[in-house]
Ligand SMILES: O=P(O)(O)O[C@H]1O[C@H](CO)[C@@H](O)[C@H]1O
Ligand code: HPA
């Protein structure tokens, strides 16, 4: 895999002059953030050697390079999910490329169901920690020491200094947010009511089908992570109606204004 990552990274370096240190992964319905990126240079995933292709509605499938407030960034408009049938190594492949490309900080976002009853659809949640309920780990297999250690530490999976900075930015802008634990499952089914009760008992405030694999690999590679969930619906058993991905994307788009404002101003501070 190392030589593939080098090949992909070399392609990107030849294709763009941008050399960002900050990357952003955009969750379902949150892709509009790219509208706030200046001097954009876009590359379709299908044109990038060794890159998987996104198959989910609300996930376009492009790397978008450019600037936010003069700071160079690269955004993944569209991510890969385990439920799409990709191997964990494929789901997380972009993280390996990001590291090789020089990325030091990752802002990861997602749409998620709120299992914490104090949340509402549209709530933005700063991720304090996560629970891996995928039943597997993206690092299973032989370790390549060129990437990271066999037994990576996850003490500060979501860096405290980045969370403090995000809180300061939100407070200055008057953006309301909650803080909580994200639990990632394989999907693609939304949870049963019993699963939501079990996950809540385990400490989950929000439940989704992504993020955990990418953040695990980012930590392994030594990339600092900040995570934001957009609560698009209350989880099963709390919600008053059945879930649909159309509603998820719709609510994420509506919460997008605050989300974009928050992320843009975070980038300006960390860049
Ligand atoms: O986590 P993101 O990609 O934002 O999307 C969330 O929304 C989809 C379900 O509606 C799932 O893919 C879930 O993980
Ligand atoms: O309720 C949910 N469960 C899992 N993933 C999700 N993504 C958006 N909403 C949800």
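List of remarks:
- Some residue of segment 20-34 being out of contact with any strand residue (DSSP E or B) (no Cβ under 8 Å at 6 or more places or on another chain), over 17 Å from residue 86 (Cβ atoms) and free of Cβ contacts under 8 Å to residues at least 12 places away in the same chain: no
- Check on residue 269, within 14 Å of ligand 1 (Cβ to nearest atom) and within 30 Å of residue 67 (Cβ to Cβ): no
- Screening segment 66-86 for residues that are more than 16 Å from ligand 1 (Cβ to nearest atom) and crowded, with 22+ Cβ neighbours inside 10 Å and picking the one that is farthest from residue 269 (Cα to Cα) gives 74.
- Members of segment 17-43 found to be more than 16 Å from ligand 2 (Cβ to nearest atom), farther than 16 Å from residue 264 by Cβ and surrounded by 14 or more Cβ atoms within 10 Å (Cβ to Cβ), listed by number: 18, 21, 41, 42, 43
- Matching residues, segment 236-257, being assigned to a helix (DSSP H, G or I) and within 16 Å of ligand 1 (Cβ to nearest atom): 245, 246, 247, 248, 249, 250, 251, 252, 253, 254, 255, 256
- Residues in segment 118-147 that are in a loop (DSSP other than H, G, I, E, B) and either buried (at least 18 other Cβ atoms within 10 Å of the Cβ) or touching a strand residue (DSSP E or B) at 6+ places or on another chain (Cβ under 8 Å) (or both): 118, 119, 120, 121, 122, 123, 134, 138, 139, 147.
- Residue list for segment 148-182, restricted to those being closer than 21 Å to residue 24 by Cβ and part of a strand (DSSP E or B): 178, 179, 180, 182
- Every test in (1) within 16 Å of ligand 2 (Cβ to nearest atom); (2) out of contact with any strand residue (DSSP E or B) (no Cβ under 6 Å at 6 or more places or on another chain); (3) modelled with pLDDT of 95 or more is passed by residue 99 save one, and that test is (1).
- Any hit, segment 228-247, residues being under 21 Å from residue 69 (Cβ atoms), touching a strand residue (DSSP E or B) at 6+ places or on another chain (Cβ under 7 Å) and either crowded, with 19+ Cβ neighbours inside 10 Å or without any contact (Cβ under 8 Å) to a residue 60 or more places away in the chain (or both): yes
- Qualifying residue in segment 175-194 (condition: within 16 Å of ligand 2 (Cβ to nearest atom), crowded, with 18+ Cβ neighbours inside 10 Å and over 19 Å from the mean Cα position of the chain (by Cα)): yes
- Residue in segment 68-82 that is away from ligand 2 (no atom under 16 Å from the Cβ), out of contact with any strand residue (DSSP E or B) (no Cβ under 9 Å at 6 or more places or on another chain) and either over 30 Å from residue 189 (Cβ atoms) or assigned to a strand (DSSP E or B) (or both) present: no
The values are calculated or read from the model by the stated rules, or taken from the named source; none is laboratory data. Since the structure is predicted, the reported quantities are computational estimates derived from the model, not experimental observations. A quick note on method: Cβ atoms are made from the backbone with ideal geometry, for glycine too, and the neighbour counts reach across all protein chains shown.
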